[in-house]
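Since the structure comes first, as structure tokens, the remarks are kept for the end.
The values are calculated or read from the model by the stated rules, or taken from the named source; none is laboratory data. Remember, it's a predicted structure, so these values are computed and weren't measured experimentally. Cβ placement follows ideal geometry from the backbone for every residue including glycine, while neighbour counts extend to all protein chains displayed. Quick note on the areas: whole protein, heavy atoms, side chains included, nothing else; ligands and nucleic acids left out. Shrake-Rupley method; radii C 1.70, N 1.55, O 1.52, S 1.80 Å.
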Amino acid sequence: MKIALIGYGKMGRTIEEIAISRGHEIVLKIDVSNGADLTEENLKKADVAIEFTTPDSAVDNYQLCFAAGVPVVSGTTGWLSRRNEVENACQEKEGCFFYASNFSIGVNLFFDLNRKLARMMNAFDQYNVSMTEVHHTHKLDAPSGTAISLAEDIIREVKRVDSWTIDEPKSITELPIEAIREGEVPGIHTVKYDSEVDYIEITHSAKSRKGFALGAVLAAEFCQGRKGILSMKNLLDEMA
């Protein structure tokens, strides 16, 4: 494939390395120094775009890809309040939009484990649930998109919590998320069920960005010949 990289920071460079190792070609690289090169004309040179930028620019980037008729794979978080707008635009343009809060295969297996554990713990209200996520100091959003996905799945399954908070919880129905920013940590997510007598804890810890980058390239490959809104569930179902 010919790939456009929208966002060429550490993640973009790791995606480039993995994409080239899988036989793909990078035909466009966009970062803060050459934003003016992000045009429909340049995007049309690519078979797919992979987008890792910031919440402020992500939606405009998606719209440009839809207008160019180029599938877009995005791992940018923090923009989901506009999700309906983006998905409607994709469908109107008959485009292809693959979004994941986390592209790591391991994290997506962790999502499934989290849902299953939450269903089990729903019946045991002596356990209070909480979460911690740790990321590098360059990460702009908190909590992480992955943490929000985990929390939303818990809220759907555990009836004694109805919302999440990054602040001190004001009631027992709030799921507290502690967001820690330190060093160059790629990402650690922990879900804890704590009682007076014991606790149950599950953790996913990323060793590097390579797992996220490989998942993004696999998603880009998956988009070829497809239309509509796609997710990691679609990809994992295909791989199973």
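Overview of results
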{"quantity": "Failed item in (1) under 18 Å from A216 (Cβ atoms); (2) in a helix (DSSP H, G or I); (3) out of contact with any strand residue (DSSP E or B) (no Cβ under 6 Å at 6 or more places or on another chain), with A36 passing the rest", "calculated": "(1)"}
{"quantity": "Residue match in the range 134-155 (condition: over 16 Å from the mean Cα position of the chain (by Cα) and more than 22 Å from R181 (Cα to Cα))", "calculated": "yes"}
{"quantity": "Number of positions in the range 59-87 that are part of a helix (DSSP H, G or I), buried (at least 19 other Cβ atoms within 10 Å of the Cβ) and within 18 Å of the chain's Cα centre (by Cα)", "calculated": "3"}
{"quantity": "Qualifying positions in the range 135-145 - within 23 Å of D112 (Cβ to Cβ) and assigned to a loop (DSSP other than H, G, I, E, B)", "calculated": "P143, S144"}
{"quantity": "Among the candidates K10, K29, residue that is basic (K, R) and touching a helix residue (DSSP H, G or I) at 6+ places or on another chain (Cβ under 9 Å)", "calculated": "K29"}
{"quantity": "Search result, residues across the range 88-115 that are surrounded by fewer than 16 Cβ atoms within 10 Å (Cβ to Cβ) and farther than 20 Å from H189 by Cα", "calculated": "N88, Q91, E92, E94"}
{"quantity": "Matching residues in the range 35-56 - criterion: being without any contact (Cβ under 8 Å) to a residue 60 or more places away in the chain and open to solvent by 40 Å² or more (accessible area, probe 1.4 Å)", "calculated": "G35, A36, D37, T39, E40, E41, K44, K45, T53, D56"}
{"quantity": "Residue under evaluation A118, criteria (1) surrounded by fewer than 19 Cβ atoms within 10 Å (Cβ to Cβ); (2) more than 20 Å from the chain's Cα centre (by Cα); (3) more than 21 Å from Q224 (Cα to Cα); (4) of a type outside the set (S, T, N, Q), criterion not met", "calculated": "(1)"}
{"quantity": "Residue within the range 22-30 that is modelled with pLDDT of 95 or more, surrounded by 15 or more Cβ atoms within 10 Å (Cβ to Cβ) and within 20 Å of S101 (Cα to Cα) present", "calculated": "no"}
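Listed here are the residues, each with its yes/no results for (1) touching a residue at least 24 places away in the same chain (Cβ under 8 Å); (2) open to solvent by 40 Å² or more (accessible area, probe 1.4 Å); (3) β-branched (V, I, T).
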| site | (1), (2), (3) |
| --- | --- |
| H135 | yes, no, no |
| G145 | yes, no, no |
| T165 | no, no, yes |
| K170 | no, yes, no |
| G183 | yes, yes, no |
| T190 | yes, no, yes |
| A206 | yes, no, no |
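Results for (1) over 30 Å from S21 (Cα atoms); (2) of a type outside the set (G, A, S); (3) touching a Phe, Trp or Tyr at 6+ places or on another chain (Cβ under 7 Å); (4) at pLDDT 95 or above, shown as yes or no for each residue.
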position: I154; (1), (2), (3), (4): yes, yes, no, yes
position: T165; (1), (2), (3), (4): yes, yes, no, yes
position: P169; (1), (2), (3), (4): yes, yes, no, no
position: T173; (1), (2), (3), (4): yes, yes, no, yes
position: A179; (1), (2), (3), (4): yes, no, no, yes
position: G187; (1), (2), (3), (4): no, no, no, no
position: E201; (1), (2), (3), (4): yes, yes, no, yes
position: H204; (1), (2), (3), (4): no, yes, yes, yes
position: S208; (1), (2), (3), (4): no, no, no, no
